[in-house]
Structures are given as C-alpha cells and as structure tokens.
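Novice: Here it is, the structure, as structure tokens.
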Amino acid sequence: MANDNPTAVPASAPPTPAEALATAKQVEELADKLSACADSIHARVMQDIRRHNGGEVPDAEQAVARALLDAEIELRQRANRLYADAAACIVTSLGQPQQKLIQLTTDAAAKIQHITRIGDGITLVARLLGLAAAASTGQVAPILAAVGALKLQLDAIAAHNAPPSST
C-alpha cells in the first residue's frame, strides 16, 4: 500500500535489541545484576568476618567491612531506583550490546568472592556504584565511561589474581 501523504515523516526505527539499556526490561536486567553484586559483597564480608571464628576482628578489617556494607546498601538503593525509574533510564544510542554490560556485572559479582587485594575490592565496588549512578542518568557518555572504568578494574583484578608466570 502506497503512502498517501508524501510529506509525512517516516516513523523512526525501533532500537535494535543489540543495544544495551534500550528498553525498560534491559534496565531492569542491569538492576538485577547490580543487586546480585550487592549480594556478593554481603556474602564476602560475612565470609571474612566468620573467618575469625567468633574472635575479635582487627580494627582495620572492621573498617573495611563497614565501608563495604555501606557500599552494599548504596548499591541496592541505586538498583532499586533503576527498577523504579526503568522507563526514564532508557538509552537508545548507547551502541553497546546488552549482553556485554550484563557479563561485566556478572564478572564483578564473581570476582568479589575471590579478590585478594582490599584495594581491588573497594575500587570494584566504587566502579559498580558509578555504573548504577550513570545508568540512572539515561545519558550515553557517563554510562560508557562507567562501563570502561568497570572493565579496566576487572582487568586489573584478573592481572592481580593471575598465577605467577613460570618464565
């Protein structure tokens, strides 16, 4: 059927499913993964505390545990905001596959359980908080910067946790 109105503006094409955060469902999926990261943070802190078998936890470890638990709460709050504001957080021109974004957050949740350097853990949690904050803006530039920072931190953790080379 021919278009009867030659001056009509063609409808814009819907976003491709390959773009991350292009639908409310994808934003909710990111919120799910950020919540899973918060679960990993909590589990790791509790594991570290239980390691002392009811004995006294050194002050430095207590401070780190408190900081991580505070970050866990903040990450959960940001994930909850993403759930609540999913439609407002849609980004149609991110140009990143959703699977890549979800894989980064899945990797982060797994790495939290095996981090050997305290600084790596704190920085990783900060990167996750940054991603959650950036996603809630719905703006491409902050999201891409946060994804890049998260990827760099995951690479640094992998390098720090790699077995020494035998050369």
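The numbers here are math on the coordinates, done by the rules we state, and not lab data. This one's a predicted model, so the numbers in the text were calculated from it and none came from an experiment. Please note: Cβ atoms are built from the backbone with ideal geometry, for glycine as well, and neighbour counts cover all protein chains shown.
Novice: For the pair residue 73 and residue 160, what calculated FRET efficiency results from E = 1/(1 + (r/R0)^6), where r is the Cβ-Cβ distance and R0 = 22 Å, to the nearest 0.05?
Specialist: It comes out at approximately 0.25.
Novice: Divide by every residue of the chain the summed helix terms, -39500 (n - 2.57) for each DSSP H run of at least 4, and state the resulting mean residue ellipticity at 222 nm, rounded to the nearest 500 deg cm²/dmol.
Specialist: Estimated from H runs of four or more residues: -23000 deg cm²/dmol.
Novice: Just to confirm the number: angle between the C-alpha axis of helix 140-161 and the first principal axis of the chain, 0 to 90 degrees, nearest 10?
Specialist: Long axis of 140-161 versus the principal axis of the chain: about 30 degrees.
Novice: Using only the alpha-carbon atoms of the chain, report the extent along each of the three principal axes, biggest first, to the nearest angstrom.
Specialist: 80, 45, 22
Novice: Here's something else I'd like to know. Taking a quarter of the surface of the convex hull around the Cα atoms of region 109-167, what do you get in nm²?
Specialist: 4.5
Novice: So if each residue of separation counts as 0.36 nm, and I subtract the Cα-Cα distance between residue 100 and residue 66, what length gain in nm does that give?
Specialist: 9.2 nm
Novice: Which trypsin sites (Lys or Arg not before Pro) from region 30-115 combine a DSSP loop assignment with at most 13 other Cβ atoms within 10 Å?
Specialist: Qualifying residues, ordered by number: 51.
Novice: When only C-alpha pairs under 8 Å and at least 6 residues apart count, what is the relative contact order of region 24-160, in percent?
Specialist: 35
Novice: Mind putting together the pair-distance distribution for region 61-118? All Cα pairs, 10 Å bins, whole percent per bin, short to long.
Specialist: 17, 39, 30, 13, 0
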